[in-house]
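In what follows, a structure is listed as C-alpha cells, so that the remarks can point back to it.
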Amino acid sequence: MDVEAPRGLLRFFDELEDPRMERTKLHSLEDILFIALCAVICGADSWTEVEVFGWAKREWLSQYLTLPNGIPSHDTFGRVFSRLDPQVLERCFSKWMAALAEASAGRLVAIDGKTLRRSFDKATNRAAIHMVSAWCETNRLVLGQLATAEKSNEIKAIPQLLKMLDIRDAVVTIDAMGCQKAIAQEIVQQGGHYLLQVKDNQPGLHDVVKATFDELTGRGIAGVQYDFHEQTDAGHGRIETRRLWVTDWTDWYADRKEWANLTSFVCMESVRTVNGSTSCERHYYISDLAGQSAQTMLGYVRGHWGIENKLHWSLDMTFREDTLRNRIGHSAENLSRIRRLSLNLLCREKTCKASLKSKRLRAGLREDYLVRVLCQGI
C-alpha cells in the first residue's frame with residue numbers, strides 16, 4: 001500500500017494554522033494530528049494515553065512520519081490542541097465530510113446537543129462545553145459540530161451549524177429547542193426540509209397542533225384528510241406501540257405564514273408496557289413536507305433518535321466522553337472533534353463485524369486494520 005494513503009485525509013486540514021512560535025516547533029503539526037487521530041482510533045482517551053500509544057507504535061508511525069524529535073509529550077499534545085482554532089478545525093472537518101457523505105434526496109440530518117460534562121472549570125468559573133452536532137442517519141456519519149457555552153445557546157449555534165452543511169433535499173430534524181421560525185427559514189433557504197418537535201416553548205403553536213389531533217383522533221373533522229401508521233416492537237419485557245398521524249390541513253392556521261412553507265402537522269403517540277405497567281405519551285411536530293405518508297414520517301421521527309442512540313451513546317460508552325477532563329483552552333472542544341472523526345472512520349469500516357469498542361481494540365492490536373480504518377477517510 002502507498003505509504004501516503006493512511007495520511008491522505010490530512011489534506012483536508014491544510015488550512016489549519018500551527019499556533020506555536022517557530023522556535024518551539026520540535027514536531028510538525030501534521031505529525032501531531034496524525035498521531036492523535038491514530039491513538040484515539042485505537043483506544044486512547046487522554047493526552048497521556050496518546051503519548052503512550054505514540055511510543056508503543058513509533059516504529060510503525062515512522063513509515064508515515066519523519067519524527068525528527070521522537071514522539072511529542074502529552075504536554076505538547078495538550079498545548080497544541082488547546083490553542084488550535086476550533087472554528088478552522090471545524091471547517092476542515094466539514095470539508096472532509098462533504099467529500100465523503102452521499103447527498104441523497106430525503107436523507108435524514110438530525111441536529112442535537114450534548115454537554116461535555118467534565119469540561120467545566122471551577123477555577124476560572126468556566127461552564128461545561130455543550131457541543132451541537134449534525135448526524136446523518138443515512139450515512140451514519142457526523143457531518144459537523146459547534147461548541148456553545150451552555151445548552152440554552154443551541155438556538156444561536158444551530159443556524160451557524162446549518163450554514164456549514166450541505167442540506168439540499170435533506171430532511172432536518174431538531175428537538176423542541178430548535179423549533180424556531182428563523183431556524184425553519186434557514187433550512188428552507190438552503191434547500192432542505194424540516195421536521196421540528198413542538199413543545200411548550202412555542203405554547204400557541206403547541207396548543208394548535210395538540211387540539212387538531214385531539215379532534216382528528218377523537219370524533220374526527222368532516223372533510224379533513226390524514227394518514228395513519230402503527231408499529232409495534234417487543235423485547236426484554238417491554239412492548240411499545242407507536243402510532244403516527246399526519247395531515248396537510250394547516251391552511252386554516254392563522255400564523256401559518258410566519259413559519260417557512262409550513263405544510264403539515266404530525267402527532268406520534270407512544271404506548272409502552274413494561275412489567276405490566278402501561279404509559280402513553282404524545283409528541284407533536286410541524287413540517288414543510290407535503291403529501292408524505294404516516295409511515296415515512298414515522299421513519300423520520302424514529303431516525304432522529306439515531307443521534308442519541310448511535311452518536312451520543314457511542315461517545316459516552318465507547319469513547320468515555322463524559323468522564324474525560326480536558327479544560328485548558330480549546331482542548332476539550334478540539335479533542336471532541338478528533339473523537340467524532342475517529343467515530344466516522346470506524347463506522348465506515350465494514351469488514352469487521354463488531355462493536356465500535358471491539359474495532360478500537362482491533363485497530364490497536366493489528367496495524368493492518370488501523371491502516372484500513374484510516375483509508376476510509378480518503
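The figures follow:
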{"read-out": "Residue under evaluation VAL266, criteria (1) assigned to a strand (DSSP E or B); (2) among the β-branched types (Val, Ile, Thr); (3) free of Cβ contacts under 8 Å to residues at least 24 places away in the same chain, criterion not met", "value": "(3)"}
{"read-out": "Qualifying residues in region 102-118 (those that are touching a strand residue (DSSP E or B) at 6+ places or on another chain (Cβ under 8 Å) and modelled with pLDDT under 80) - the one surrounded by the most Cβ atoms within 10 Å (Cβ to Cβ)", "value": "LEU116"}
{"read-out": "Test: ARG243 is over 28 Å from GLY191 (Cβ atoms), surrounded by 15 or more Cβ atoms within 10 Å (Cβ to Cβ) and free of Cβ contacts under 8 Å to residues at least 40 places away in the same chain", "value": "yes"}
{"read-out": "Residue, least open to solvent (accessible area, probe 1.4 Å), within region 278-324, restricted to residues that are at pLDDT 90 or above and of a type in the set (S, T, N, Q)", "value": "SER287"}
{"read-out": "Residue match in region 69-84 (condition: closer than 23 Å to GLY377 by Cβ and open to solvent by 20 Å² or more (accessible area, probe 1.4 Å))", "value": "no"}
{"read-out": "Subset of region 246-258 that is in contact with a Leu (Cβ under 8 Å, 6 or more places away or on another chain) and over 17 Å from LEU298 (Cα atoms) - its residue that is least open to solvent (accessible area, probe 1.4 Å)", "value": "THR250"}
{"read-out": "Within region 239-259, tally of residues that are more than 28 Å from the chain's Cα centre (by Cα) and under 17 Å from THR278 (Cβ atoms)", "value": "1"}
{"read-out": "Filtered residue count, region 175-192, keeping only those that are part of a helix (DSSP H, G or I), out of contact with any strand residue (DSSP E or B) (no Cβ under 6 Å at 6 or more places or on another chain) and of a type outside the set (Lys, Arg)", "value": "8"}
{"read-out": "All helices (runs of 4 or more DSSP H) inside region 327-377 with 1 or more residues being under 15 Å from the mean Cα position of the chain (by Cα), more than 23 Å from PHE81 (Cα to Cα) and not polar (S, T, N, Q)", "value": "331-348"}
{"read-out": "GLN202 surrounded by 15 or more Cβ atoms within 10 Å (Cβ to Cβ), among the polar types (S, T, N, Q) and within 17 Å of ASP175 (Cα to Cα)", "value": "yes"}
{"read-out": "Selection status of THR212, β-branched (Val, Ile, Thr) and surrounded by fewer than 19 Cβ atoms within 10 Å (Cβ to Cβ)", "value": "no"}
{"read-out": "Helices (runs of 4 or more DSSP H) wholly inside region 1-101 that include at least 1 residues being out of contact with any strand residue (DSSP E or B) (no Cβ under 8 Å at 6 or more places or on another chain), basic (Lys, Arg) and farther than 30 Å from VAL132 by Cα", "value": "58-61"}
{"read-out": "Among residues of region 266-277, those that are on the phi < 0 side of the Ramachandran plot and open to solvent by 50 Å² or more (accessible area, probe 1.4 Å), counted", "value": "3"}
{"read-out": "Hits in region 138-191 - residues which are of a type outside the set (Val, Ile, Thr), touching a Pro at 6+ places or on another chain (Cβ under 9 Å), open to solvent by less than 40 Å² (accessible area, probe 1.4 Å) and without any contact (Cβ under 8 Å) to a residue 40 or more places away in the chain", "value": "GLU186"}
{"read-out": "Verdict on ILE71 being under 23 Å from LYS359 (Cα atoms), β-branched (Val, Ile, Thr) and at pLDDT 95 or above", "value": "no"}
{"read-out": "Test: residue in region 44-54 that is open to solvent by less than 30 Å² (accessible area, probe 1.4 Å), at pLDDT below 90 and among the aliphatic types (A, V, I, L, M)", "value": "no"}
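The values are calculated or read from the model by the stated rules, or taken from the named source; none is laboratory data. Just so it is clear, the structure is predicted and the values come from calculations on it, not from any experiment. No Cβ is skipped: glycine too gets one built from the backbone with ideal geometry, and neighbour counts run over all protein chains shown. Calculation scope for accessible area: heavy atoms of the full protein, side chains included, ligands and nucleic acids excluded. Shrake-Rupley method; radii C 1.70, N 1.55, O 1.52, S 1.80 Å.
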